[in-house]
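> Please find one structure pasted underneath; my questions will follow.
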Amino acid sequence: MDLTHVYVHVHEADVANFIRESIEDARLSKQEPGHIDFQLLQQSDDSTRFVMIEAYLDADAAAAHKRTQHYKTWHDAVEPMMVQPRRHVKFRELEDDR
């Protein structure tokens, strides 16, 4: 599984637009082959900070996501809304060897 947390900080004036654009991107992402999960989370104590949790079957499916038109549309729309560039953290699933 390819699991990524994307940390985003947006300008206060852009919060509603960022949410709208990101919900649409998530909706379309959920239709992609190899998609497992896509969550958009807003920080409780700072409404300008978000985490997007993206899970794909494998690295190929995650890479294919970034080639979709809806991802490119999202990227172009929200990048100017960001206070700083978004940060990605990759995770790997641990197996229980018991």
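> What relative contact order, as a whole-number percentage, does the chain give when Cα pairs under 8 Å and 6 or more residues apart are counted?
45 percent
> Pairing the Cα long axis of helix 69-78 with the longest principal axis of the chain, what angle in degrees results, from 0 to 90 and rounded to the nearest 10?
For helix 69-78, the angle is close to 40 degrees.
> Counting other Cβ atoms within 10 Å, which GluC sites (Glu not before Pro) in region 39-98 have at most 13 and lie in a DSSP loop?
Those that pass, being in a loop and sparsely packed, are E93, E95.
> What residues qualify as long-range amide H neighbours of D2, i.e. H under 5 Å apart, gap of 5 or more or another chain, H built at 1.01 Å from N?
Residues meeting the criterion, in which the H sits 1.01 Å from N, are Y56, L57, D58.
> Could you calculate the contour length gain from A16 to H70, that is, 0.36 nm times the residue separation minus the distance between their Cα atoms, to one decimal place in nm?
17.6 nm
> Once each part is reduced to its C-alpha centroid, what is the distance from region 60-97 to region 18-32 in angstrom?
One Cα centre to the other: 12 Å.
> Let me ask something else. Calculate the dipole size of the chain relative to its Cα centre from +1 charges on Lys and Arg beta carbons and -1 charges on Asp and Glu beta carbons; express the result in debye to the nearest 20.
220 debye
> Work out the charge dipole of the chain with +1 on the Cβ of Lys and Arg and -1 on the Cβ of Asp and Glu about the Cα centre, then indicate which of M52, Y71, V89 is farthest towards its positive end.
Y71
> Helix 15-29 sits at what angle to the longest principal axis of the chain, using alpha carbons and giving 0 to 90 degrees rounded to 10?
30 degrees
> Moving to a separate point now. Can you match Kirkwood radius over Cα pairs in Å to one of these, (i) 14.0; (ii) 15.2; (iii) 21.0, based on a calculation from the structure here?
Label (i) holds the value from this structure.
> Based solely on its DSSP helices, what 222 nm [θ] is calculated for the chain when runs of n ≥ 4 H residues each add -39,500 (n - 2.57) and the sum is averaged over all residues, nearest 500 deg cm²/dmol?
Computed ellipticity for the chain at 222 nm equals -10000 deg cm²/dmol.
> Compute, for region 1-43, the length of the dipole vector about the Cα centre, with Cβ point charges of +1 (Lys, Arg) and -1 (Asp, Glu) only. Units Debye, rounded to 20.
120 debye
Every number in this text was worked out from the coordinates using simple rules, so none of it is lab data. Computed from a predicted model, the values in this text were never measured in an experiment. Cβ sites come from the backbone with ideal geometry, for glycine too, and all protein chains shown count toward neighbours.
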